[in-house]
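Worksheet: the structure to be examined is printed underneath.
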Amino acid sequence: MTMNNLLERIRHNFSESIQTKINAADSILPAVGFAAQKIVQCLLDGHKILSCGNGGSACDALHFSGEMLNRFKHERPSLPAIALTADISTLTSIANDSNFNEVFAKQIRALGQPGDILLAISTSGNSPNVLNAIKAAHDRQMNVVALTGYDGGKIPAVLQDEDVEIRVPASETARIQETHLLIIHCICDVVDYQLFGHGEANT
């Protein structure tokens with residue numbers, strides 16, 4: 001492959017990512033806004049956010065909790081969030097002793113409290129451990145914000161009326177994950193703006 005062909009391939013990836021985000025902006029902005037408001041209210045009420053996902057989505061779950069616990073753009077008080085993908089000892093012990101499909105659900109049964117929110121991330125919407133996490137969250141009287149892609153998979157069928165699904169209108173995993181990260185940053189921005197007034201000069 002020549003350098004020109006290589007650069008053209010890279011440019012194509014940039015273009016596809018940009019177009020996916022444009023398509024998403026046309027369809028999911030209300031859902032992102034609704035989810036952000038629910039998370040803000042959850043934090044105002046003294047509750048926390050638990051997050052989970054597999055692979056790249058596990059990294060997104062960690063990314064979100066890091067932004068909450070530390071900061072997004074500006075210094076501010078830490079906000080309560082736990083990535084259920086972070087504790088390798090817990091994950092591997094549950095997977096080994098019980099079932100990998102329970103690695104998030106068992107943590108939610110221990111850590112989740114009524115009024116908390118689960119941020120459930122699955123590009124396909126079909127991950128059994130994420131589906132079980134959603135069911136466990138409902139058992140703990142938690143609401144769910146689900147980030148999905150494709151056709152939403154099995155997740156829409158297990159969501160309740162107070163839950164929010166943000167479904168990226170794309171079929172390629174990389175493009176969905178890139179847009180999930182943008183959604184997470186949008187939520188973090190709204191949290192900082194509504195709780196601490198950060199970003200007012202930009203509006």
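The values are calculated or read from the model by the stated rules, or taken from the named source; none is laboratory data. The model shown is predicted, which means the values in this text are computed figures rather than measured ones. Cβ: placed from backbone, ideal geometry, glycine included. Neighbour counts: every protein chain shown. Note: accessible area is taken over every heavy atom of the protein model, side chains too, but ligands, DNA and RNA are not part of it. Shrake-Rupley method; radii C 1.70, N 1.55, O 1.52, S 1.80 Å.
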- With +1 on each Lys and Arg Cβ and -1 on each Asp and Glu Cβ, and nothing else charged, work out how big the dipole of the chain is about its Cα centre, in Debye to the nearest 20. 200
- Query: residue 48: which lysines have alpha carbons under 24 Å from its alpha carbon, excluding same-chain residues fewer than 8 sequence positions away?
  - Reply: 38, 73, 106, 135
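Exactly which trypsin sites (Lys or Arg not before Pro) in the range 72-112 are in a DSSP loop and have at most 11 other Cβ atoms within 10 Å? Mind dumping the intermediate values first?
Working: sites: 73, 106, 109; in loops: 73.
Answer in residue order: no site qualifies.
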- Query: How do 97, 189 rank by accessible surface area computed with a 1.4 Å probe, from largest to smallest?
  - Reply: 97, 189
- Message: Given the whole protein assembly as supplied and a 1.4 Å probe, what does the accessible area of residue 190 come to in Å², nearest 10?
- Response: 40
- Once the in-chain neighbours fewer than 8 apart are removed, the aspartates and glutamates whose Cα is under 19 Å from residue 21 read 60, 151, 165, 172, 178, 189
- Message: Are there DSSP H segments in the chain that both extend 18 Å or more along their axis (alpha-carbon positions) and score a mean Kyte-Doolittle hydropathy of at least 0.5? List them, or say none.
- Response: 29-44, 173-196
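Compute the convex hull volume of the Cα atoms of the range 36-124, divide it by the residue count, and report the result per residue in Å³ as a whole number. Provide the component values of the computation, followed by the final result.
On the way: hull volume 9.6 nm³, N = 89.
Convex hull volume per residue, Cα atoms: 108 Å³.
In whole percent, how big is the carbon plus sulfur part of the accessible area of the range 5-58, probe 1.4 Å, protein atoms only?
Working: 1720 of 3030 Å².
Accessible surface attributable to carbon and sulfur in the range 5-58 totals 57 percent.
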- Message: Please report the spacing between the Cα centers of the range 33-59 and the range 73-95 in Å, no decimals.
- Response: 12
- Query: Averaged per residue, what accessible area in Å² does the range 70-135 show with a 1.4 Å probe, protein chains only?
  - Reply: 46
